[in-house]
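The values are calculated or read from the model by the stated rules, or taken from the named source; none is laboratory data. Note that the coordinates shown come from a computational prediction; the quantities given were computed from them, not determined experimentally. Methodologically, a virtual Cβ is constructed for each residue, glycine included, from the backbone with ideal geometry; neighbour enumeration extends over all protein chains shown.
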Amino acid sequence: MNLQPTQSSVDNETSVRYRDVRIGSAPARVRREADVWYMESTAQPGAYPKRLTDRLASGAQQHPDRWLVARRGADGAWRGISYAQMLEHARAIGQALLDRKLSAERPVAILSGNDLEHMMFALGAMWAGVPYAPISPAYSLVSSDYGKLRHALELLTPGLVFATDATAFAAAIDTTLLADVEVVAATGSCGRAITNLSTLLDTAPTTVDAAHEAIAADSIAKFLFTSGSTMLPKAVPTTHRMLCSNQQMLLETFPQFADEPPVLVDWLPWNHTFGGSHNAGIALYNGGTLYIDDGKPVGKKFDETLRNLREIAPTIYFNVPKGWEELTSALESDATLRETFFSRVKVYFFAGAGLSQAAWDRLQQVTERHCGERIRIMAGLGMTETSPSCLFTTLPAMCAGYVGVPAPGCEVKLVPVAGKLEARFRGPHVMRGYWRMDSAATAKSFDEEGYYCSGDALKFVDPQQPELGLMFDGRIAEDFKLSSGTFVSVGPMRARVISAGAPYVQDVVVTGLNCDDVGMLVFPRLDDCRRLAQLPESASASEIVNAPAVRQFFTELLERLNRESTGGATTIARLRLLHVAPSLDLGEITDKGSINQRAVLTHRAELVHALHDPVRRDPDAIYAPHVWV
């Protein structure tokens with residue numbers, strides 16, 4: 001296989017033993033027409049239900065007492081809602097929403113994060129055929145200007161807003177919500193009348209079951225907002241067909257779900273497609289249980305994740321790369337965690353960003369030391385517009401950067417754009433257009449054959465054997481040219497720097513558009529850098545990034561990276577460590593932690609100009625030796 005030098009093919013060795021798990025492994029069918037490639041799985045997905053909530057009904061009948069969702073309470077005990085209880089709640093809430101004559105034109109907006117009440121309200125809305133929109137809590141709780149929240153509400157025109165704790169969201173509600181929009185909450189208050197959730201739960205179902213039966217496959221189940229490359233996210237109307245077909249694709253990919261109801265311990269936010277459609281959907285669709293993890297891989301919050309994983313053993317574990325890095329460190333030193341976590345987990349899965357090869361190898365090492373075998377590390381490629389999954393790494397080619405082959409039922413088209421191959425997707429899981437966006441603007445997202453144009457670039461693992469699948473090759477819109485006319489491929493460069501800079505690099509933004517050479521704005525991991533510099537916890541961000549030990553590390557990092565460079569497009573001439581965190585309000589970061597390259601470059605244009613100034617040396621930058629003598 002033609003893998004890059006920084007990637008390992010050790011996972012393909014026949015001597016390596018993996019924990020038994022059923023993974024679908026249908027090969028891809030590949031054809032080429034001129035310079036365009038088409039790929040699809042040789043397998044087709046089986047039948048799937050008309051509505052996602054049909055799985056709630058069947059679950060309530062087949063395993064009524066099994067928990068669908070659980071969350072740790074204030075007393076430390078887990079509180080769960082069974083399938084039968086959830087169906088009862090959904091029917092009552094659904095009837096209350098029908099009584100209020102809500103619809104796609106006046107949907108439900110949910111401000112809360114992941115909690116039991118959120119799940120009840122979401123399934124109640126879906127049971128009634130009323131679309132709902134889970135809106136990022138950060139738009140209410142972190143933002144200082146409520147700009148994105150206001151945009152989302154103006155686009156949706158909700159007829160009802162739900163927040164589990166009204167007090168927590170009071171400022172956002174009072175600032176942004178129109179006076180005639182009803183607010184429902186389980187607890188708390190704000191500067192307007194509140195309808196208590198208990199009122200809706202006490203509603204007697206009368207017409208709601210008939211309304212549920214009338215829901216069509218192409219009815220909108222929910223609206224999900226994109227993170228977007230601009231400050232204003234777009235709303236994706238996500239239908240029952242999209243959700244059900246994609247869950248069936250997942251089941252064909254992981255037939256293990258049919259053998260053993262999946263148990264998930266998961267923090268990923270439900271306002272994002274990975275957490276809310278992919279992971280929560282896996283539990284519901286396959287009769288499993290989702291344990292809500294109130295931790296996340298940020299600072300001390302990961303301690304709560306570790307507490308949960310010491311008690312609840314998942315059968316499949318999902319996280320973003322940062323979460324896997326934190327978990328790997330904990331597994332190396334915590335025997336209790338190892339005993340529980342490794343007891344029944346069959347698959348590791350990461351998404352949201354690339355897992356570095358160094359982190360990959362370290363995770364495999366701690367697994368093999370404890371289990372005497374490895375556990376399959378899997379990934380894929382998906383997006384909000386495709387609800388979300390398109391590609392999965394089901395074939396034996398396992399390495400960092402590999403995104404796999406098409407899921408059964410997903411059609412992939414690879415089209416040359418700006419020197420790369422843009423991935424385009426078609427299938428029952430793909431949206432038809434953005435909500436309330438004019439037809440001309442929506443049309444730009446699709447090509448003449450009806451494929452959704454993702455903007456993601458892919459390349460073949462082995463051009464001589466395209467059926468082996470695809471590697472991620474960055475975002476086409478992020479790439480740029482130097483003044484020499486040389487293209488800089490941003491995605492692979494970012495991945496290389498983050499991997500080589502572990503554990504001190506959180507993310508990087510590549511600079512140098514129309515300049516003579518490549519630069520970097522680096523968001524460091526301040527806690528790790530502080531420990532490197534042996535500074536106290538009270539040290540400021542500025543003190544940390546200017547510490548001699550930290551600057552020495554990044555000077556040496558530049559030298560190491562440039563020894564491997566192959567020319568001007570891969571040589572990093574300069575970098576600047578940023579002590580100001582990326583801004584949610586300015587669109588520089590999503591609440592999931594993804595960096596928006598374009599927004600950072602726009603809002604920190606002065607820093608970029610100073611970094612690349614051909615006359616004056618930026619005193620805060622670190623330069624490769626050949627740039628300044």
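Tabulated data for the structure shown
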{"quantity": "Residues satisfying the stated conditions in the range 457-467, i.e. under 28 Å from G46 (Cα atoms) and either surrounded by fewer than 12 Cβ atoms within 10 Å (Cβ to Cβ) or touching an Asp or Glu at 6+ places or on another chain (Cβ under 8 Å) (or both)", "calculated": "L458"}
{"quantity": "The range 266-278 residues that are among the aliphatic types (A, V, I, L, M), paired with ones that are not in a helix (DSSP H, G or I) (beta carbon under 8 Å, 6 or more apart)", "calculated": "L268/F318; L268/N319; L268/V320; L268/K592"}
{"quantity": "The lone exception for D266 - which of (1) surrounded by fewer than 23 Cβ atoms within 10 Å (Cβ to Cβ); (2) within 27 Å of P388 (Cα to Cα); (3) touching a Gly at 6+ places or on another chain (Cβ under 7 Å); (4) among the acidic types (D, E) it fails", "calculated": "(1)"}
{"quantity": "Counted residues, the range 529-552 - those being crowded, with 17+ Cβ neighbours inside 10 Å, in contact with a Leu (Cβ under 8 Å, 6 or more places away or on another chain) and not small (G, A, S)", "calculated": "3"}
{"quantity": "Search result, residues across the range 415-446 that are in a loop (DSSP other than H, G, I, E, B) and surrounded by 16 or more Cβ atoms within 10 Å (Cβ to Cβ)", "calculated": "G427, P428, H429, V430, M431, G433, Y434, W435, S445"}
{"quantity": "Residue ID - surrounded by the fewest Cβ atoms within 10 Å (Cβ to Cβ), chosen from residues in the range 503-528 that are more than 18 Å from V600 (Cα to Cα) and at pLDDT 90 or above", "calculated": "D527"}
{"quantity": "The range 154-197, subset of a type in the set (D, E, K, R) and not in a helix (DSSP H, G or I), residue nearest to the chain's Cα centre (by Cα)", "calculated": "D165"}
{"quantity": "Boolean, D75 is over 24 Å from the mean Cα position of the chain (by Cα), within 30 Å of T305 (Cα to Cα) and not β-branched (V, I, T)", "calculated": "yes"}
{"quantity": "Filtered residues of the range 14-46 (kept if of a type in the set (D, E), part of a strand (DSSP E or B) and farther than 17 Å from V405 by Cβ)", "calculated": "E33"}
{"quantity": "Pairs where the first residue, in the range 504-521, is in the same structural domain as L577 (by TED's automatic domain parsing) and the second is among the acidic types (D, E), C-beta under 6 Å, 6+ apart", "calculated": "Y504/D528"}
{"quantity": "Which listed residue, of L391, L395, L337, is surrounded by fewer than 22 Cβ atoms within 10 Å (Cβ to Cβ) and closer than 21 Å to F425 by Cα", "calculated": "L395"}
{"quantity": "Search result, residues across the range 174-216 that are surrounded by 14 or more Cβ atoms within 10 Å (Cβ to Cβ), touching a Ser or Thr at 6+ places or on another chain (Cβ under 8 Å) and over 29 Å from R51 (Cα atoms)", "calculated": "T187, G188, C190"}
